[in-house]
Amino acid sequence: MSSVGPDWRLIGYRFRVPLFTAVTIVLLGLLHGCEADAPPAVPESENSDVKTAPIAEIMPAAVTTSPQIVDIIARGMTFDAPTSIDGGWVTFRFSNQSALEHFAVIERLPDGITVSDQQQVVAPVFQQGMDLLNAGDSAGANDKFAELPGWFGEIVFMGGPGLLSPGEISSTTVFLEPGQYLLECYVKTDGVFHSYNPDPDSFGMIQALEVSAINEAAAPPVANVHIKLSTDQGFEITGAAVAGTNLVRVDFIDQSAHEHFLGHDLHVAAVPADIATEDLVAWMNWTLPSGLETPAPVRFLGGSNEMPAGSSAYFSVDLEPGRYAYIAEVPDAERKNMLEFFDVR
């Protein structure tokens with residue numbers, strides 16, 4: 001990671017929140033409070049042991065126990081998705097029918113804040129800040145990001161479908177309390193965040209989502225791969241991915257701000273033999289001009305965006321024999337043990 005860049009820690013302190021996580025509307029930045037309510041804890045017995053039932057037995061259970069399957073389709077720079085769903089455990093089935101990489105991070109909005117507030121107040125700040133970074137003006141970027149409104153630090157990232165390449169489909173299951181949320185993609189194309197639109201009366205790749213009363217009948221699915229994710233230990237992986245359909249459980253043991261003042265998450269990528277590790281790691285750092293810039297150097301197959309400490313997410317991924325990687329969207333992922341290559345035979 002370059003030693004020249006904005007003073008992210010100083011920016012975070014200005015907002016006086018303990019965790020600055022991925023930003024919403026046009027990008028990153030969201031410094032979200034770790035004290036946010038986490039989903040109900042899954043019994044400790046499930047935390048420590050991965051069930052080893054054959055995949056053919058696991059997947060039907062994962063589908064039938066989900067109270068609601070919510071389809072999200074990426075078309076160009078827009079989401080095609082419902083605007084109101086039931087709460088509780090929800091499976092988001094994400095289909096990327098565009099020519100660009102996308103994800104669909106779920107963000108809970110503070111009381112009284114709307115998607116329009118995000119689009120018209122926050123999005124321009126992040127895009128202008130990114131423009132300054134691309135121009136090499138780190139001091140100017142610091143000043144620009146300091147213009148974010150105070151309520152911005154109250155947004156909570158609640159997971160959602162991870163990075164997905166064109167033509168791919170993946171599903172991610174999370175627990176959502178009733179409230180006002182939004183879906184966002186802040187991948188970049190030509191240096192512009194997908195969630196940004198220069199027309200103040202139009203939206204970028206962002207959509208409102210209202211979550212109503214919890215469906216108590218739903219239960220989380222069962223995984224054949226279990227990954228614990230923490231600041232100190234990085235990825236702790238139990239179970240092995242196999243050829244075919246896999247269901248991966250991700251436990252967020254903690255959550256903290258990294259150098260880009262976002263939290264950690266987990267994505268799966270098919271990795272070609274000629275890709276340099278440093279190129280993949282650099283692509284996951286949004287503060288770099290090439291970071292999160294389409295096209296990606298690998299084929300992304302899904303995952304889970306960041307969540308508060310104590311949360312769990314489940315995602316499905318279909319794998320053919322080949323070389324893959326689990327990786328977090330953080331600077332220096334390899335050094336932090338947040339990059340793990342694996343082979344499927």
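Out of the residues in the stretch 243-266 meeting the condition of being of a type in the set (D, E, K, R) and within 19 Å of Asp332 (Cα to Cα), tell me which one is modelled with the lowest pLDDT.
In the first step, residues of the stretch 243-266 are kept if they are of a type in the set (D, E, K, R); the result is 249, 251, 254, 259, 265.
Those left that are additionally within 19 Å of Asp332 (Cα to Cα): 254, 259, 265.
Working: Asp254: 94, Glu259: 76, Asp265: 97.
The qualifying residue modelled with the lowest pLDDT is Glu259.
Scan the stretch 185-196 for residues that are within 19 Å of Leu133 (Cα to Cα), assigned to a loop (DSSP other than H, G, I, E, B) and of a type outside the set (Phe, Trp, Tyr) and report the count. Give the steps one after another, and end with the answer.
First, the residues of the stretch 185-196 that are within 19 Å of Leu133 (Cα to Cα): 186-196.
Pick out the ones that are also assigned to a loop (DSSP other than H, G, I, E, B) and you get 186-187, 190-191, 194-196.
Restricting the remaining residues to those that are of a type outside the set (Phe, Trp, Tyr) gives 187, 190-191, 194-195.
Qualifying residue count, the stretch 185-196: 5.
Just to be sure I understand, how many residues within the stretch 284-326 are within 20 Å of Phe193 (Cα to Cα), surrounded by 21 or more Cβ atoms within 10 Å (Cβ to Cβ) and among the hydrophobic types (A, V, I, L, M, F, W, C)?
5
Check Ala56 against each of (1) of a type outside the set (Phe, Trp, Tyr); (2) in contact with a Pro (Cβ under 9 Å, 6 or more places away or on another chain); (3) at pLDDT below 90; (4) not in a loop (DSSP other than H, G, I, E, B) and name the one condition it does not meet.
So the condition that Ala56 fails would be (2).
Is there any pair linking a residue in the stretch 333-344 that is without any contact (Cβ under 8 Å) to a residue 12 or more places away in the chain to one that is crowded, with 18+ Cβ neighbours inside 10 Å, with Cβ under 9 Å and at least six apart or on different chains, and which?
Filtered contacts from the stretch 333-344: Arg335/Val281.
Hey, can you tell me all the residues within the stretch 287-345 that are under 15 Å from Val250 (Cβ atoms) and out of contact with any strand residue (DSSP E or B) (no Cβ under 8 Å at 6 or more places or on another chain)?
Within the stretch 287-345, Val330 is the sole residue that qualifies.
Quick one: how many residues across the stretch 109-134 are surrounded by fewer than 18 Cβ atoms within 10 Å (Cβ to Cβ), not in a helix (DSSP H, G or I) and not small (Gly, Ala, Ser)? Give the derivation first.
So in the stretch 109-134, the residues surrounded by fewer than 18 Cβ atoms within 10 Å (Cβ to Cβ) come out as 110-112, 114, 116-117, 120-121, 128, 131, 134.
Pick out the ones that are also not in a helix (DSSP H, G or I) and you get 110-112, 114.
In the following step, the residues that additionally are not small (Gly, Ala, Ser) were identified as 110-111, 114.
Matching residues across the stretch 109-134 total 3.
Out of everything in the stretch 225-277 that is among the polar types (S, T, N, Q) and under 24 Å from Pro166 (Cα atoms), what residue ends up being surrounded by the most Cβ atoms within 10 Å (Cβ to Cβ)?
Within the stretch 225-277, the subset among the polar types (S, T, N, Q) is 230-231, 233, 238, 245-246, 255-256, 277.
Subset that is under 24 Å from Pro166 (Cα atoms): 245-246, 277.
Working: Thr245: 16, Asn246: 23, Thr277: 14.
Among them, the one singled out is Asn246.
Testing Thr245 on (1) part of a loop (DSSP other than H, G, I, E, B); (2) among the polar types (S, T, N, Q); (3) in contact with an Asp or Glu (Cβ under 8 Å, 6 or more places away or on another chain); (4) over 25 Å from Gly153 (Cα atoms), one condition comes back false. Which one is that?
Exception for Thr245: condition (1).
Checking Ala240 against (1) at pLDDT 95 or above; (2) not in a loop (DSSP other than H, G, I, E, B), which single condition isn't satisfied?
(2)
The values are calculated or read from the model by the stated rules, or taken from the named source; none is laboratory data. Owing to the predicted nature of the structure, the values given are computational and were not obtained by experimental measurement. With ideal geometry, Cβ positions are generated from the backbone for all residues, glycine too; neighbour counts draw on all protein chains shown.
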